[in-house]
1. Among the residues of the stretch 222-258 satisfying the criterion of being free of Cβ contacts under 8 Å to residues at least 40 places away in the same chain and not hydrophobic (A, V, I, L, M, F, W, C), which is surrounded by the most Cβ atoms within 10 Å (Cβ to Cβ)?
2. For the stretch 50-57, does any single residue satisfy the condition of being over 17 Å from VAL132 (Cβ atoms) and of a type in the set (Asp, Glu)?
3. Can you name every one of the helices (runs of 4 or more DSSP H) wholly within the stretch 76-181 that holds 2 or more residues which are buried (at least 18 other Cβ atoms within 10 Å of the Cβ) and not small (Gly, Ala, Ser)?
4. Would you check if there is a residue in the stretch 65-86 being basic (Lys, Arg) and more than 21 Å from GLY201 (Cα to Cα)?
5. Scan the stretch 43-75 for residues that are surrounded by 18 or more Cβ atoms within 10 Å (Cβ to Cβ), under 20 Å from PRO88 (Cα atoms) and either in the same structural domain as VAL112 (by TED's automatic domain parsing) or without any contact (Cβ under 8 Å) to a residue 60 or more places away in the chain (or both) and jot them down.
6. Between GLY77, GLY53, GLY89, which is over 24 Å from PRO223 (Cα atoms) and touching a strand residue (DSSP E or B) at 6+ places or on another chain (Cβ under 7 Å)?
7. Does the stretch 81-91 include one or more residues that are touching a helix residue (DSSP H, G or I) at 6+ places or on another chain (Cβ under 8 Å) and farther than 28 Å from LEU193 by Cβ?
Amino acid sequence: MPLSDGFLREQLCGYGDAEQIDIGMQGAVYRLGGEKVAKIWFDAGEEELRRLGELYGAIEGRLPFRTPRMLELLRPGPYCVTIEAELPGVPLHTVAPAFGEAGWERARNCVVDVLAALAEIEAPEVLRRMTVLDEADPFRPEGVSWIEALTGLVRRRLQRFDDQLRAVIDDFDAKVELLLNQLAELKEPETRLVHGDVTAGNILVDQDLWPVALLDLGLLTMPGDPVFDAAAAAGLYEIWSPRVREVEAAFDQAFVEQLGYDAEQLLLYRRIHSLAISNLHENDPYNRASHLPLTASLFNR
């Protein structure tokens, strides 16, 4: 059942005049004034959020744009609430030209710039203790390779959602076998900070479309391969658009030319990312559209 604005405001610890500015998969965000925001987390617990706050501290000042800073962690009711410093800029998707219009390449290059900066950051130790999606155990603890960790994630998602995926993906077993074989053949990459959810809503920009802040770490943030981050970002940029495949191709061209990434590896990682998030909205209180048809479209094309 959708959570009412009144109920959410009750979680804000006395900030009754707060302004709601966003509701996403992870939670609801309110502007409090005094250059602070509050985030009500729908699923994350205190331990998970303490690790996230530790990650914020570990990367603060290491990127050419701002990242979140957690000021307080509260549990006033059924949900955890974090008080964070408000970040500058506006979401890229609110000001970027539409795909194919004049100036769209500047928006694309903004995303590429963010991904290139993330790819330079060695993964801090706390990432080895962080979980992804709705899982309880760390994604990639010390001593586990990237390929092993990603293969494990794929197998767990397949085990949990086999019936749903099999119903919409043609030649399901053969495609899964091919995907896992291709993943096993990859060369182990240098470990970097992977954001995992670089969208046009999570990049805040100035009037010239330069990135000034990056939001929403934690959903799929992991120590891993920056090529995975790029593959995911291209798929997420216009995820609900009928032209999503054209958008992905335009991004992939930039990734190949500007970052030196491999086009086939980008496609493999994009399939893995789509599979991982295909059932992300299963317990969403707002009953938002499932990613499952999008995953089927990607696998069946």
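The values are calculated or read from the model by the stated rules, or taken from the named source; none is laboratory data. Small disclaimer: the values here were computed from a predicted structure and weren't measured. Neighbour counts are summed over all protein chains in view; Cβ atoms, including those assigned to glycine, are modelled from backbone coordinates with ideal geometry.
1. That would be GLU248.
2. The answer is no; no qualifying residue exists.
3. Where helices (runs of 4 or more DSSP H) fall fully within the stretch 76-181 and carry at least 2 residues being buried (at least 18 other Cβ atoms within 10 Å of the Cβ) and not small (Gly, Ala, Ser), they are 104-118, 146-168.
4. Yes, the stretch 65-86 contains a residue that is basic (Lys, Arg) and more than 21 Å from GLY201 (Cα to Cα).
5. GLY53, MET70
6. The conditions single out GLY89.
7. So far as the stretch 81-91 goes, no, none of its residues is touching a helix residue (DSSP H, G or I) at 6+ places or on another chain (Cβ under 8 Å) and farther than 28 Å from LEU193 by Cβ.
Conditions (1) at pLDDT below 90; (2) surrounded by fewer than 19 Cβ atoms within 10 Å (Cβ to Cβ); (3) hydrophobic (A, V, I, L, M, F, W, C), marked per residue:
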site	(1), (2), (3)
PRO2	yes, yes, no
ASP5	yes, yes, no
ARG9	yes, yes, no
LEU12	yes, no, yes
GLN20	no, yes, no
ALA28	no, no, yes
ARG31	no, yes, no
LYS36	no, yes, no
TRP41	no, no, yes
